[in-house]
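J.: What follows is a single structure, and I will ask about it in a moment.
What follows draws every value from the coordinates through simple rules; no lab data is involved. Note that the structure is predicted; figures quoted are calculated from it, not measured. Every residue, glycine as well, gets a Cβ built from its backbone with ideal geometry; the counts of neighbours run over all protein chains shown.
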Amino acid sequence: MQKLIMATLLILLVISTSFAQQDEYTRKSITFLDAVILASSSSRDMSTRQVDYTASGVKRMVQLERFDYNPIPSNSRLMSDFSYQVRKSSDLSMDALAGILNKTFVAEIVKIMDENAENRASMLVDETARMSFVATKAKDLGITAENLEKVFNSGYIYLPFINGFSESTQAEKVEDVMWYESQVSISGGILWFKIDYDDGHTSIRPLLERATSSTGFAKKKNAKDAEWSAFTMAADNYARNLEVATKDIEDFKLKTQVMEVAGAHIGFNMGRKEGVHVDDRFLLGETMMDSDGQLSFKKDGFARVKSVGNNRDNPGAMSYGYGVIVGDWAPGMSLIEYPTLPLDIYGMLGLIPLSTDETGFDLSSQFALGVEMAYNLSQIVNSSHWYLTGGAALGNAQRDDGAETLYGGITYADISVMKRFQWRRLDAYAKGGIAYMGLFLTDERYVEYNDRTYTYDSETYGAVLGGGVNLTLNIDWAVGLRYNYYLGESDTWTVKDDEDTEYDDMTFNTNHTGGAIMFQLIFSPKALGFDPLAALGNLSE
Amino acid sequence: MTKLLKSVLILPLIWSSTLFSQSGNLPQSKEALFVESSGPAEVVILATGLGIHTPKNRWDKPDQSELTEGAKLDARRSAVWFIVLGGSDPLLTTADEKLKFNGVQESFFAASNIQTYVAWESDRFEERIKLDDGNKLRIKRAIRLNKRLIQEDLEKLGVMAAKTYLTAILGLPNIMVLPEAPKGKNPIDMLRNDVTYKKGAEVIESYLTSRRYDVLAPDQAEGLNELVSASQSLKDVEEDATYLLALSVGADIYITYNITTESRKVGSSTVKKAAVAVRAFETTTARLLGTETGYSRERPSMDAMIIEEAINDAIEKVLARINAYWKEDLSRGVQYKVIISISTEYDTDDAEEVLFELTDALAGMSNSTKEILLTDYTLDYLIWTNPEKYQKSSDIYRALKKTIDRALPDGKVRRVTMNRKLIVLKIDME
């Protein structure tokens, strides 16, 4: 009898597991509340405008195509009830908030989900069910109770919170003009709650918290402008970080199967409907079973998206990707999203050009360090590997006239458009743009005569053309070599002493034209403490 | 010595043929699960396929595409194997059929042949797992097979007795379909008054007709009483109207079914689930040939659809058992139920003498007989006759009449009922 029971249980287990489809992303339905939990005294110092801006920024970034939404009107009675209870509560822990949500929202959210349940459930009908008698002969949608329950169990609520806020502004008079420099820091995140549905009973439970922090800077002639610009820079970056953090939550990661493999190219059944974008990264891998029957996931390289299928209009449309680190791939392998910010950070070390036409003088630089941000434009141009780059390099400089040497530094900055061409781990790129080239030299030869140090500055704008090759080390890192050719020349130097007293300009040829060769290390981050490009815009006078 | 030599020669031959058959076209996994019968001709199977790489040395790594293609092919083979030989109701049921199949299985499971049976297969794998340090790949995928085509091919290959051959000798079984009626209830009334039962009968009849069975539809229950009164043996089953109806219309087999539906709410949607129990009986004996319960999935759909889904789940297996029964019965000949009752005006000795003569006559004209009931005045027999000798029930009636006339010259034989399955005679004193 025992054997019979065991056999029956085993058969049931086999049957029940046999239809458990491989891990596949299913759409989630998200409820967002137009509220921000101000969880610290410093965050309660924020103005209403700042709170609203942060909330709408987070909403905009976290409102991903992969989700369905159950909107709660911001001016509804429920919303004011909820806000009142949050204000009244001394405990703002996730458990306490889940309790308030259970009291205030759960019934309303279930009602909204219910209105769309069958429609959403129809999207969960799998390929086999779509080919079943029910769908083909009976012309039914093929929805099952299981699909409906999945819809009711795919509900999530998010609530942004801020638990740290600081802002400071400093005024400085430069050439009779008052400049205000502001710095704003925000820290906080999103609280995620899960809606559980079981046989007609619904409850909300705390799921997880994703936190980030962000800083903004601005320098303006108007104090309020400076404060607001610094704040918006911080808030925008904060929201962008939370977008990636949300995509990185296990429940929300896009997961599917590779449908086609042709060499290093793959095809898969996801696209615009799920918010797949050109150049998005996806890990590939497969499930392995060891001799003890234990299952594990083995990663086998990664691919980036080359073209996105429009599966909104054509449900069968596939997206295609190209392998960067190419494993031994075959159809049926798992594809898992690896979210990062749509930018790469380049760290550089090498040489930048500096010379002079002046006879008897030698002007040169021996080393330089640089940083560059490459913002991915592929979503805008709908073509892979287009970037807008902004970078700067700082190097040493020295002028030698055979007798004495002056030391200083050079600054190269450029904004360019870059196109990369990827072939598996290797990529080559070409770029072109405008460049700023600055040089300063410090002259301490007269200190012993007049106790003054003089500084000679030279600035010019020109062009930069370049190219390079990179080798991808892993999904986050790559190394490479770049060669940039700068075009720029200046014959004028401004002269100042250490008391900022300006003297007549000096004529001296400075030639920036030439090649810069640099070793580079490339990193694709998931979050940034601040947005360098926005900072550049906010701080440039 | 010669025997020893022969053995020495034969043994390697057997060994090499076994080895050949293992490494040939036969499926490796032989794992499959019946998902649904998506119509009278097609079934959906969730099949497991194995792609296997045997490393020649430690550096010999498997090629993923080869493993995947191998696993996909093995899944197709396993699905077809499941239809032909696996599961609880395979196409091949007799030892003779299986033996014949052994001779053709290599070519039958050839990739090009297997592909012809595949009507559709899922793009996605339900499961994909690497085993044995990556040297083995196991996949599961849904495959829709044309079962009818497989059966036709097996008939062409001579593995299964072709339907046409069966038809020529025995005819396909006549089947009657009625809802299971509780005691005292008339199944025909249930069929007329309840759309659910009507739908159930329609679905089952659709299956039967598409497979070219003769479906008998009883429209009226009159005359059953007379049938019952003709035989003592039927009195026990007097209340089973379905059985009596099947007997009265001459069905070889009758199918009964009952339908239950349950519903519950998921959100505001009402989801329903149907369970349909289908039972097939041999008409002459009311012997249960097969029973299966089919379930629909829980759906927010109309009743007719979930009922059809549940019947689809059950009927395929029941029909497989009917076929198995029919094939077995064919080997014995054409079956008839013969009921003869003698008027009680005769004394028991005379009646006994007639009955003895009749049993002798029945034994003489049949391949085999089975006694159901023998009382002083009633005989209830099952007989299996050679269809070449007795092509229809009237031939049997004629032979029996001659025997009775000879044994009881003062008796008058009256036909109470006679159809293709049942001969009920009454002998009255003139």
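J.: Per residue of B:296-306, what is the mean number of Cβ atoms on other protein chains within 10 angstrom of that residue's Cβ?
T.: Whole-number average of other-chain Cβ neighbours for B:296-306 is 5.
J.: By per-residue mean of other Cβ atoms within 10 Å, what is the highest-first order of B:179-190, B:266-277?
T.: Descending mean neighbour count gives B:266-277, B:179-190.
J.: Here's a follow-up. Please report how far the C-alpha centroid of region B:360-430 lies from that of region A:158-186, rounded to the nearest whole angstrom.
T.: Here the answer is 111 Å between Cα centres.
J.: Can you compute log10 of I(q)/I(0) for chain B with the Debye formula, treating each Cα as one identical point scatterer, at q = 0.07 Å⁻¹?
T.: Debye curve over Cα of chain B, log10 I(q)/I(0) at q = 0.07 Å⁻¹: -0.48.
J.: Taking amide H positions as placed in the peptide plane 1.01 Å from N, state which residues far from residue A:179 in sequence (5 or more) or on other chains have amide H under 5 Å from it.
T.: Counting only residues 5 or more places away or on other chains, the set is A:172, A:173, A:174.
J.: Give me the angle, in degrees from 0 to 90, between the Cα long axis of helix A:106-122 and the longest principal axis of the Cα atoms of chain A, rounded to the nearest 10.
T.: Taking Cα atoms only, the helix is inclined about 80 degrees.
J.: What is the mean number of Cβ atoms from other protein chains located within 10 Å of the Cβ atom of each residue in peptide B:135-145, rounded to a whole number?
T.: Counting Cβ atoms of other protein chains within 10 Å of each residue's Cβ and averaging gives 3.
J.: Amide H to amide H under 5 Å from residue B:91: which residues, 5+ apart in sequence or cross-chain, H placed 1.01 Å off N in plane?
T.: Under 5 Å from the amide H of residue B:91: B:84, B:85.
J.: Of the trypsin sites (Lys or Arg not before Pro) in region A:301-369, which ones lie in a loop per DSSP and count no more than 14 other C-beta atoms within 10 Å? Provide the component values of the computation, followed by the final result.
T.: Working: sites: A:304, A:306, A:312; in loops: A:312.
Hits after loop and neighbour filter: A:312.
J.: Going by C-beta contacts inside 10 Å, put B:410, B:74 in order with the fewest on the left.
T.: Going from sparsest to densest Cβ surroundings: B:410, B:74.
J.: Something else now. Order of B:313, A:504 from fewest to most other C-beta atoms within 10 Å?
T.: The most exposed by this proxy come first: A:504, B:313.
J.: Next question, about the same structure. Compute the helix-to-body angle for B:393-407: its Cα long axis versus the longest principal axis of chain B, expressed 0 to 90° and rounded to tens.
T.: It works out to around 40 degrees.
J.: So if R0 is 22 Å, what FRET efficiency would residue A:383 and residue A:299 give, r being the distance between their Cβ atoms, rounded to the nearest 0.05?
T.: 0.20
J.: Counting only Cα atoms, I'd like the Rg/Rh figure for the protein assembly as shown, Kirkwood definition for Rh.
T.: 1.19
J.: If I model a spin label at residue A:137 and residue B:348 as a point 7 Å from the Cα along the Cα→Cβ vector, what separation in nanometres do I get?
T.: Here the answer is 5.8 nm between the modelled labels.
J.: Cut-off is 10 Å between beta-carbons; in what order do A:179, A:192, A:477, B:81 appear when sorted fewest neighbours first?
T.: Ordered by Cβ neighbours within 10 Å, fewest first: A:477, A:179, A:192, B:81.
J.: Which chymotrypsin sites (Phe, Trp or Tyr not before Pro) in region A:419-453 sit in a loop by DSSP (not H, G, I, E or B) and have at most 15 other Cβ atoms within 10 Å of their own Cβ?
T.: A:446
J.: Considering every residue in A:135-145, what mean count of other chain Cβ atoms within 10 Å of its Cβ is obtained?
T.: 6
J.: What is the distance, in nm, between label points placed 7 Å from the Cα along the Cα-to-Cβ direction at residue B:25 and at residue B:265?
T.: 5.8 nm
J.: In addition: Mind listing which GluC sites (Glu not before Pro) in region B:34-81 are in a DSSP loop and have 16 or fewer other Cβ atoms within 10 Å?
T.: When the GluC sites (Glu not before Pro) of region B:34-81 are filtered for loop state and at most 16 Cβ neighbours within 10 Å, nothing remains.
J.: In whole Hz, with x marking every Gly and Pro, tabulate ³J(HN,Hα) for region A:316-329 from phi via Karplus 6.51 cos²θ - 1.76 cosθ + 1.60, θ = phi - 60°.
T.: Here the 3J(HN,Hα) series is x, 5, 9, 9, 10, x, 10, x, 9, 9, 9, x, 8, 8 Hz.
J.: Kindly flag which residue pairs out of A:306/A:526; B:147/B:389; A:221/A:247; B:272/B:421; B:185/B:402; B:183/B:401 have an alpha-carbon separation exceeding 29 Å in this structure.
T.: Long pairs (Cα-Cα over 29 Å): B:147/B:389; A:221/A:247; B:272/B:421; B:185/B:402; B:183/B:401.
J.: To the nearest 0.05, what FRET efficiency results for residue A:449 and residue A:172 with a Förster distance of 41 Å applied to their C-beta separation?
T.: FRET efficiency, residue A:449 to residue A:172: 0.80.
J.: Over chain A, what lengths in whole Å, largest first, do the semi-axes of the equivalent ellipsoid take, defined as the square roots of 5 times the eigenvalues of the alpha-carbon gyration tensor?
T.: Numbers: eigenvalues 598, 205, 62 Å².
One finds semi-axes of 55, 32, 18 Å for chain A.
J.: Using a Förster radius of 60 Å, what is the FRET efficiency between residue B:430 and residue B:96 based on their Cβ-Cβ separation? Nearest 0.05, please.
T.: 0.70
J.: How much net charge surrounds residue A:168 when only other residues with a Cβ under 15 Å from its Cβ are counted (Lys, Arg +1; Asp, Glu -1)?
T.: Details: positive: A:219, A:220, A:224; negative: A:45, A:167, A:172, A:181, A:227.
Here the charged neighbours net out to -2.
J.: Distance check, please: which entries in A:194/A:253; B:100/B:156; B:30/B:140; B:392/B:426; A:103/A:150; A:139/B:72 exceed 18 angstrom between their Cα atoms? Write out the running numbers ahead of the final one.
T.: Values: A:194/A:253 16 Å; B:100/B:156 12 Å; B:30/B:140 12 Å; B:392/B:426 20 Å; A:103/A:150 23 Å; A:139/B:72 29 Å.
From the list (A:194/A:253; B:100/B:156; B:30/B:140; B:392/B:426; A:103/A:150; A:139/B:72), the Cα-Cα distance tops 18 Å for B:392/B:426; A:103/A:150; A:139/B:72.
J.: Tell me, what is the percent relative contact order of chain B, built from C-alpha pairs under 8 Å that lie six or more residues apart?
T.: Reported relative contact order: 12 percent.
J.: Nearest 10 degrees, 0 to 90: what angle lies between the long axis of helix A:77-88 and the longest principal axis of chain A (Cα atoms)?
T.: 70 degrees
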